[in-house]
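**Q** Let me begin by handing over the structure; questions about it come next.
The values are calculated or read from the model by the stated rules, or taken from the named source; none is laboratory data. Predicted, not measured: the structure shown is a model, and the values here were computed from it. Backbone-built Cβ (ideal geometry, glycine too); neighbour counts: all protein chains shown. To get the accessible areas, we keep the full protein, side chains included, count just its heavy atoms, and leave off ligands, DNA and RNA. Shrake-Rupley method; radii C 1.70, N 1.55, O 1.52, S 1.80 Å.
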Amino acid sequence: MNDKVLKTLEFNKITEQLSSWASSDAGKALCSGLLPMTDIEAIRTAQQQTTDAVTRLRKKSGPGFVGLKNILPSIKRMDVGSILNCQDLLEISGVLDAAYYMKRFLTPENDEEPEDTLTAYYNALDPCRVLNDEIKRCILGIDEIADDASPKLKDIRRHMVQTNLQIQRTLNNLITAQSMKTYLQDSVVTQRDGRYCIPVKFEHRNHVPGMIHDQSGSGATVFIEPMSVVKLNNEMRELELAEAAEIQVILANLTGSCCVQAKAMEVDYRLLVELDFIFAKARFSEKIRGNAPSFNDDGYIILKSARHPLLDQKTAVPISLELGRDFDMLIVTGPNTGGKTVSLKTTGLLTLMGQAGMHIPALDGSSLCIFKDVYADIGDEQSIEQSLSTFSSHMTNIVKILDQADYESLVLLDELCSGTDPTEGAALAQSILTKLHKRGVKCMATTHYPELKVFAISTPGVQNACCEFDVETLRPTYKLLIGLPGKSNAFAISSKLGLDSSIIEDAKSRMDESNIAFEDLLADIEINKKTAEMERSEADRAIAEANALKAKLEAEKSAFESKRDAVMRDAKAQAYEVLQQAKDYADMTIKDIRKVSKDVNLSALERTRTEVGRRAKDALEGMAMRPSKPSGKAEPLSLDSVAPGMAVRVISMNMTGTVTSRPNSKKQVDVQLGSMNMKVNVSDLEKLPEDESAAEKKLQGTGIGHLKYTKALGVSGELKLLGLTVDDAIMELDKYLDDACMAHLSSARIVHGKGTGALRQAVQQHLRRDKRVKSFKQAEYGDGDAGVTIVEFK
């Protein structure tokens with residue numbers, strides 16, 4: 001990528017802003033040196049890294065890289081045998097801290113979290129916690145070693161404290177003595193050359209035995225080390241030398257430990273610098289509200305609501321454009337300050353940013369292609385030093401572009417061939433664009449020449465575009481309109497600003513009739529386009545309202561049908577209950593008659609009762625309401641596929657139940673629907689999906705099946721019989737076994753207690769005779785032992 005285009009399109013300003021989001025000096029350097037790439041795999045990897053970093057930052061606040069100093073020089077000094085100082089070791093500790101916090105930040109939240117492009121960094125980072133803890137334990141600051149860095153250092157510093165106190169005590173006794181007040185200039189203790197001294201008047205220097213170390217500027221005071229503390233000062237000096245020697249030993253040991261981990265520390269540093277760079281791109285993407293563009297191999301650009309990244313993202317007017325699919329060249333026209341140049345720069349700059357692995361300020365779904373080079377001739381290129389006019393300077397750039405541009409290039413030309421005779425400039429511009437178009441160059445050019453508008457209309461693969469201008473407000477809207485040539489609007493703007501209408505009419509009369517006709521045609525096209533857009537918007541709104549009304553009606557119809565079906569099911573269930581009660585009452589009546597009379601014809605009564613029961617059942621089976629079609633979620637059944645125990649839905653009644661028999665000769669099976677058992681034709685059944693439980697289906701229905709399911713929901717997995725007699729306990733147990741089987745429990749706990757064992761024996765005896773029980777056993781130790789029996793149901 002040529003350096004000139006990076007400056008022309010202000011890519012350097014993007015990298016400057018990007019570097020402000022990096023924390024480390026090395027990370028800022030990577031940001032400042034960022035350049036567009038041409039390897040599509042490298043670009044996609046860089047884009048994915050930025051996307052993954054943005055995703056992680058949105059989940060939780062990212063770690064900082066403030067303590068990330070360059071430790072590579074320290075590692076090199078270790079390699080040649082040098083001992084690191086406190087500052088070097090603290091910088092290494094800062095890098096290891098950054099590695100620790102970054103590794104913790106990148107740690108997956110759970111085992112199901114998928115890997116991304118940053119997972120490799122997580123796996124490669126080694127915080128060297130043992131080494132880092134040792135450095136922190138020994139070094140407290142740039143020039144401060146902890147007392148506990150070694151036992152010997154601690155002992156030396158303890159002796160230093162004691163010696164210092166002894167010196168202070170001796171000197172304090174000396175300066176407070178009555179005999180010394182005449183000789184002392186001040187009653188203070190000071191230091192000279194690391195030795196404790198007292199200030200003595202010059203004329204009394206011979207009255208204080210000791211060593212003179214210094215004299216005041218006026219000569220009136222000499223600083224004498226009294227003989228009584230010379231020995232103590234010597235001891236202190238020896239201790240200081242021993243301290244310095246021990247500190248060197250500690251630093252040497254820490255350096256040796258770092259040398260062992262030198263490779264890991266270097267890898268940590270380089271990875272952290274890369275992560276600082278990646279997260280800087282992610283934070284910059286958040287600032288500009290960026291998205292990752294896709295990259296295609298077909299040589300086209302699609303920008304959706306793209307904004308120039310250097311403009312205020314809240315007020316910038318977005319543009320949308322395509323280039324490279326239906327047309328390879330776009331001719332942008334319109335008034336000055338209308339946004340033509342910004343559109344050019346936006347397209348070029350977003351291309352450079354995308355190829356540099358950065359997100360672009362455009363909507364998701366934008367797509368870019370890989371350009372080997374981007375060329376731009378934008379702005380005033382006049383050069384006084386080289387004696388070049390504006391036209392000459394632009395033409396110099398265009399000559400270079402024509403020499404180098406090919407089908408893998410993007411060319412951006414602003415005000416092509418302006419600054420010269422309009423007729424010659426327009427002709428020259430057409431020839432240049434024709435040359436580029438024949439090479440297959442993707443090109444955007446801005447112009448005021450009407451001839452280039454005609455060129456775009458008449459040349460396949462070339463399209464007009466314009467920047468919209470509101471004549472009423474005399475302000476550009478900055479919207480880029482593809483497919484429409486722009487107008488200069490000079491007459492309209494002048495009229496709005498108050499120019500005499502006679503002047504405007506005279507100017508119009510001096511224009512060529514063909515130019516006037518062409519401008520009028522452009523105006524008509526623009527008016528028709530706006531009218532078509534308004535009509536299309538109204539049509540879309542009408543279609544949306546119609547779809548909403550249709551959806552509302554369908555929802556109301558579905559709700560009505562569901563309510564109707566529910567009412568029918570409730571009525572059928574209630575009717576069944578009434579008929580069942582009547583049948584039961586008839587049975588009881590016949591039994592009573594048998595007891596009190598022997599002359600009654602019991603056979604006739606029994607036949608009558610049986611006939612009533614048969615008619616009631618037929619009536620129930622004939623009351624079924626047939627829906628227009630099955631539910632669609634269940635499977636239709638054949639005779640061979642029906643088996644006892646299968647969960648099914650009766651289509652006609654929209655109720656779920658369980659098959660209890662094989663098909664008979666009439667293709668009917670017995671189906672248990674709640675508390676009633678009915679014969680149903682196989683064609684009226686459908687198999688429930690495996691993932692749709694019978695309990696859920698019963699809950700959706702109403703009537704008896706719903707009541708039975710509601711009761712089953714309250715069944716506990718444990719029955720307590722403590723304190724009951726054997727008879728009461730057996731009654732409770734039998735009732736519980738009914739409820740547990742209805743609720744389809746697989747097992748249950750019967751808590752009967754230990755006691756004498758009579759209740760346990762009675763319970764287990766009853767369970768042994770019950771056909772619903774598959775097996776039972778005594779609970780394990782710690783789970784109730786002999787006081788609990790575990791039951792498994794069939």
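**Q** Just wondering, is there one or more residues in segment 37-47 that are closer than 18 Å to Ala120 by Cβ, out of contact with any His (no Cβ under 7 Å at 6 or more places or on another chain) and of a type in the set (S, T, N, Q)?
**A** yes
**Q** Something else: Please verify whether Ile503 is modelled with pLDDT under 75, of a type outside the set (S, T, N, Q), more than 39 Å from the chain's Cα centre (by Cα) and farther than 30 Å from Asp406 by Cβ, treating the condition exactly as stated.
**A** Judged against the criteria, Ile503 is not a match.
**Q** Would you list the strands (runs of 3 or more DSSP E) that sit entirely within segment 359-470 and hold 1 or more residues that are basic (Lys, Arg)?
**A** Strands (runs of 3 or more DSSP E) meeting the threshold: 442-447.
**Q** Hey, another quick one. Can you say whether Ala177 is small (Gly, Ala, Ser), open to solvent by less than 40 Å² (accessible area, probe 1.4 Å) and either closer than 19 Å to Glu246 by Cα or modelled with pLDDT of 85 or more (or both), as far as the supplied structure shows?
**A** No, not satisfied.
**Q** Could you give me the residue pairs with C-beta distances under 9 Å whose first residue belongs to segment 768-785 and is without any contact (Cβ under 8 Å) to a residue 12 or more places away in the chain, whose second residue is surrounded by 15 or more Cβ atoms within 10 Å (Cβ to Cβ) and among the basic types (Lys, Arg) wherever it lies, and which are 6+ apart or on separate chains?
**A** Close Cβ pairs (under 9 Å, with a partner that is surrounded by 15 or more Cβ atoms within 10 Å (Cβ to Cβ) and among the basic types (Lys, Arg)) amount to Asp783/Arg749.
**Q** With the requirement that a residue be open to solvent by less than 60 Å² (accessible area, probe 1.4 Å) and β-branched (Val, Ile, Thr), what does segment 241-276 give you?
**A** Ile247, Ile250, Thr255, Val267, Val273, listed by residue number.
**Q** While we're looking at this one, here's another question. Among the numbered conditions (1) touching a helix residue (DSSP H, G or I) at 6+ places or on another chain (Cβ under 9 Å); (2) within 25 Å of Asp147 (Cα to Cα), tell me where Ser228 comes up short.
**A** Against the list (1) touching a helix residue (DSSP H, G or I) at 6+ places or on another chain (Cβ under 9 Å); (2) within 25 Å of Asp147 (Cα to Cα), Ser228 comes up short only on (2).
**Q** What is the residue count in segment 641-664 for residues that are at pLDDT 80 or above, out of contact with any Asp or Glu (no Cβ under 8 Å at 6 or more places or on another chain) and not in a strand (DSSP E or B)?
**A** Of the residues in segment 641-664, 9 are at pLDDT 80 or above, out of contact with any Asp or Glu (no Cβ under 8 Å at 6 or more places or on another chain) and not in a strand (DSSP E or B).
**Q** Sort through Lys667, Lys711 and tell me the only one that's modelled with pLDDT of 65 or more, surrounded by fewer than 16 Cβ atoms within 10 Å (Cβ to Cβ) and among the basic types (Lys, Arg).
**A** None of the others qualify; the one that does is Lys667.
**Q** Pairs under 9 Å by beta carbon, first residue free of Cβ contacts under 8 Å to residues at least 40 places away in the same chain and open to solvent by 10 Å² or more (accessible area, probe 1.4 Å) in segment 218-240, partner of a type in the set (Gly, Ala, Ser) and not in a helix (DSSP H, G or I), six or more apart or different chains?
**A** Phe223/Ser216; Met227/Gly210; Val230/Gly210
**Q** Could you grab me the full set of residues in segment 471-499 that are assigned to a strand (DSSP E or B) and modelled with pLDDT under 70?
**A** Of segment 471-499, the ones assigned to a strand (DSSP E or B) are 475-482.
Within segment 471-499, Arg475, Pro476 qualify.
**Q** Restricting the first residue to segment 258-279 and requiring it to be hydroxyl-bearing (Ser, Thr, Tyr), which pairs with a second residue that is crowded, with 19+ Cβ neighbours inside 10 Å and part of a helix (DSSP H, G or I) meet a Cβ separation below 6 Å and a spacing of at least six or different chains?
**A** Pairs that qualify, where the first residue is hydroxyl-bearing (Ser, Thr, Tyr) and the partner is crowded, with 19+ Cβ neighbours inside 10 Å and part of a helix (DSSP H, G or I), are Tyr269/Val95.
**Q** Same structure, new question: Of all residues being in a helix (DSSP H, G or I) and either touching a residue at least 12 places away in the same chain (Cβ under 8 Å) or not polar (S, T, N, Q) (or both) in segment 750-767, which is nearest to Ala740 (Cα to Cα)? Just the residue, please.
**A** Among those that are in a helix (DSSP H, G or I) and either touching a residue at least 12 places away in the same chain (Cβ under 8 Å) or not polar (S, T, N, Q) (or both), it is Leu767.
**Q** Could I ask something else about it? Residue check: is Ser74 among the hydroxyl-bearing types (Ser, Thr, Tyr), open to solvent by less than 80 Å² (accessible area, probe 1.4 Å) and either in contact with a His (Cβ under 7 Å, 6 or more places away or on another chain) or assigned to a loop (DSSP other than H, G, I, E, B) (or both)?
**A** No.
**Q** Return the only residue of Ala555, Ala532, Ala575 being at pLDDT 70 or above, more than 39 Å from the chain's Cα centre (by Cα), under 27 Å from Arg649 (Cα atoms) and not aromatic (Phe, Trp, Tyr).
**A** Exactly one of Ala555, Ala532, Ala575 is at pLDDT 70 or above, more than 39 Å from the chain's Cα centre (by Cα), under 27 Å from Arg649 (Cα atoms) and not aromatic (Phe, Trp, Tyr), namely Ala575.
**Q** Oh, and also: Taking the condition closer than 29 Å to Leu9 by Cβ, at pLDDT below 95 and crowded, with 21+ Cβ neighbours inside 10 Å, does Ala53 pass?
**A** Taking the combined requirement at face value, the residue satisfies it.
**Q** Of the residues in segment 97-122, how many are open to solvent by 40 Å² or more (accessible area, probe 1.4 Å), within 20 Å of Ile71 (Cβ to Cβ) and in contact with a helix residue (DSSP H, G or I) (Cβ under 9 Å, 6 or more places away or on another chain)?
**A** Going through segment 97-122 one residue at a time, the tally reaches 2.
**Q** I want to confirm something. Restricting to segment 768-786 and keeping residues that are farther than 30 Å from Met646 by Cα and in a loop (DSSP other than H, G, I, E, B), which single residue is modelled with the highest pLDDT?
**A** Applying the filter and picking the extreme gives Ala779.
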